[in-house]
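Input: a single structure, listed below in structure tokens.
Every number here is computed from the coordinates shown, using simple stated rules; none is lab data. As the structure is a computational prediction, the values presented were derived from the model and not from experiment. Positions of Cβ are generated from backbone atoms using ideal geometry, with glycine treated the same way; all protein chains shown enter the neighbour counts.
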Amino acid sequence: MTTLNGSDAASGVAPLGIGGVATTETTGRPTGEKVLLEVRNLVQEFQIRNFGGVKGGVLQAVSNVSFEMRAGETLGVVGETGSGKSTLARSVIQAPPPKSGQVLFEGVDLVKLGRRQVAPLRRHLQMVFQDPYGSLDPKWRVNDIVAEPLVAYKDGDRAQRRARVAELLELVGLDPNIHGRRRPGQLSGGQAQRVAIARAIALNPQLVICDEAVSSLDVLVQAQVLNLFEKLRGELGLSYLFIAHDLALVKQVSDRVMVMYLGKLCEVGPSEAIYREPLHPYTLALLRSIPDPDPEVDQVNMREVISGELPSPIHPPSGCRFRTRCPRAQERCITEVPELQMLRKDHLVACHFPLPSSAEVAPGGGAPTAPAWTPGMTQGVER
Amino acid sequence: MAALPSEAATPSVPIAAAVMAEEPARSRRGWVHSLDLYIPAGVLVLLLLACFVWPLVYKLPPPVGGSILDASLPLGSPGHILGTDSVGNDIMSRLLYGGRVSFEVMFAVQGIGLVVGGFIGVAAASFSGLAEATVMRVLDVLIAFPAIVIALAIVDGLGAGEADIIWALAVVSIPTFARVARSGAVRVRDQTFVVAARLSGSKRWRTNLRHVLPNILPQLITFAVLGAAIVVILEATISFFGYGIPPPGPSWGNMIAAGQQVMSNEPALLLVPSIVLLVTVVALNTLSEALRARWGVVR
């Protein structure tokens, strides 16, 4: 069930926190909610090496991203391939560590800690990967795979571990007697992903990062796995950082959504608000690209689809990175990098010319002829 | 129910095919397709049994200390099925005891290479960076030398004897294993399940042992079998040059050397050990090919 953060703080531009991030004090959210993860100015770059080891350019995968997550919420991260969302996830878990920035997990900066000190904290921060088979050792049995975190952290003796593994497998909907002794090659995609989930929750983490965890599954299996995520959230009190490229999927699952483009955050806000009132042109384009059963709606959508290709992350456009494909781009977008600003309650946008709400008419070019978003355009099942 | 024309035309194997489709791919093709594995394996097992077990069961004439009165008996002589050499030793018995030397050296060298070389390779891959590059370059230097040159040089220094041959050939074998192990480990270390294992809290050595190693083992074993053939030839070469088992101790290599000297008079002395050596090497190569065909594509 999607929840808006219930607080009646005034909407409109609010004073900004550190690095443009709206912190608990500025957004007026109930201060009882604990900030689980805070990411500040995260930068991840990769050195391109040409043949012979010669250094090429620098691939800027994540550029100065800041956000925070509260305990118990599901934060969705959406973007095209190449937007840096998977890299963001890997940087949060320090595999590999980011070039600069801070990752404050329960107040502890993971980036500053060395590898040895991060290890004991990893039990609270786990990850489910995209390829269900790739994340499981093909030569291990399911029981051993799920028990691995328990063995690594020396949790209990062998009998206790076995009992815990059986409990975990049942929790994710597998039969310990039937599936426990199998190898990943003998499981279906959905079953393999359930095993990965069981392994991820073995140590009772607080945050589970789902890196496109359902993207490679069939639609029906996707729904089952998403239901499993929801069930685990309720039973175990997990928080999720849910990364996907499917916007409709993310809406189903998330409380808040972050939209990324070419390594930068475009828009952050409650999922309902993002869908009903997208403020960033890129978000609108993503919403429009969701196919709709009604062909007329599709035609209307297609008129406004963005053109062009993703620019190279080695040489991203100056100023706003989306300007090369944005119908609303102007002079200012070339020279000035837009910062995240809070335009609505709890809803931040990094754009010089954010979209007007559907009630207003935009002056100048690029005004859409159809309403920004209507509930009829929602894909998938309403919760 | 009337059968459709297309149904009448299909052969009646659908049920069997459906059953067979359920089974893992390995057994679908029957034993004929596994012959490429079983024949060389069978030959090698026979050779091993002959060399190690047969002399325990059947009383053979001693390989050394034969009476000069029995010298140079031809093939098929009573009591000496393959004849005797120029000092009266039974060739069959020399062949089998010499085979023991060859196989012992083969197992020992490949065993050491597998363990030590495998360890070095996997460790290098997991450390990566400058350490890995340095180690691999050092190993490259060793690999660049012709194996026989290094082996002979070492044996020359250490002296003759089975153990010395083993050490010498191990020095040659370890770098090659390290290179194979490292390339396999590099391929495996970037796979998601290794990252996931590290994320689950497993330390680096544990991940290497339980995840990386089992996934490169098929390649290592295939390579080990292939290298075994080379080791057998190297051992024979070393003995041929006189650096190996000191006479009158039997070894295929020094039997070939002795046989070469009397080649025109008694070709059997040369041909018998040569043919046995050939069979062994071909069996090992074929076995290695069969293993590669089975395990070649590792996920």
Problem set entry | Two-site FRET efficiency, B:ASP190 against B:SER77, from Cβ-Cβ distance with R₀ of 60 Å, rounded to 0.05 | 0.40
For this session: Express in whole angstrom the spacing between the alpha-carbon centres of the stretch A:125-198 and the stretch B:29-104.
Result: 52 Å
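In the neighborhood of B:VAL232, defined by Cβ-to-Cβ distances under 14 Å, what is the net charge if each Lys or Arg adds +1 and each Asp or Glu adds -1?
Working: positive: B:ARG100; negative: B:GLU104, B:GLU162, B:GLU235.
Neighbour charge sum, excluding B:VAL232 itself: -2.
Per residue of B:200-208, how many C-beta atoms from partner chains lie within 10 Å of its own C-beta, taken as a mean? Before the final figure, lay out each step's value.
Values: counts 17, 15, 6, 3, 1, 0, 3, 3, 0.
Across the residues of B:200-208, the mean count of other-chain Cβ atoms within 10 Å is 5.
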For this session: Could you size up the charge dipole of the stretch A:203-339 around its Cα centre, putting +1 on the beta carbon of Lys and Arg and -1 on that of Asp and Glu, and report it in debye to the nearest 20?
Result: 400 debye
Exercise. Suppose R0 equals 22 Å; then what is the FRET efficiency for B:MET263 and B:VAL149 from their Cβ-Cβ distance, rounded to the nearest 0.05?
Worked result: 0.25
For this session: Quantify how strongly other chains surround peptide A:135-142 by giving the mean number of their Cβ atoms within 10 Å of each of its Cβ atoms.
Result: 6
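Normalised by the number of residues in the stretch A:243-357, what is the relative contact order in percent for Cα pairs under 8 Å and 6+ residues apart? Show your work: numbers first, answer last.
Numbers: 158 pairs, mean separation 30.8, N = 115.
Value for the stretch A:243-357: 27 percent.
Can you tell me the relative contact order of the stretch A:76-118? Whole percent, Cα pairs under 8 Å, sequence separation 6 or more. Display every interim value, and only then the final one.
Working: 24 pairs, mean separation 8.9, N = 43.
Normalised by residue count, the contact order of the stretch A:76-118 is 21 percent.
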Problem set entry | Ranking of B:PHE52, A:PHE353, A:PHE242, B:PHE127 by count of other Cβ atoms within 10 Å, fewest first | B:PHE127, B:PHE52, A:PHE353, A:PHE242
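What is the fewest-to-most order of A:ASP255, A:ASP109, A:ASP155 by other Cβ atoms lying within 10 Å of their Cβ? It would help to have the intermediate numbers written out before the result.
Values: A:ASP255 22, A:ASP109 13, A:ASP155 17.
Starting with the residue having the fewest Cβ neighbours, the order is A:ASP109, A:ASP155, A:ASP255.
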Exercise. Considering the alpha-carbon set of chain B alone, what are its Rg and its Dmax in angstrom?
Worked result: 25.0, 88
For this session: Let me know the mean shielding of A:145-155 by other chains, meaning the per-residue number of their Cβ atoms within 10 Å of its Cβ.
Result: 4
Problem set entry | Candidate lysines for bridging to A:LYS154, where Cα separation is under 19 Å - those fewer than 8 sequence places away on the same chain excluded | B:LYS203
Exercise. If we count every other residue with Cβ under 14 angstrom of A:GLY156's Cβ, Lys/Arg +1 and Asp/Glu -1, where does the sum land?
Worked result: +2
For this session: Report the one residue of B:LEU75, B:SER183, B:SER34 whose Cα lies farthest in the direction of the positive end of the charge dipole of chain B (charges on C-beta: Lys and Arg +1, Asp and Glu -1; origin at the Cα centre).
Result: B:SER183
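Listing A:HIS315, A:HIS179, A:HIS124 from the residue with the fewest other Cβ atoms within 10 Å to the one with the most, what is the order?
Values: A:HIS315 11, A:HIS179 21, A:HIS124 16.
With the sparsest Cβ surroundings first, the list reads A:HIS315, A:HIS124, A:HIS179.
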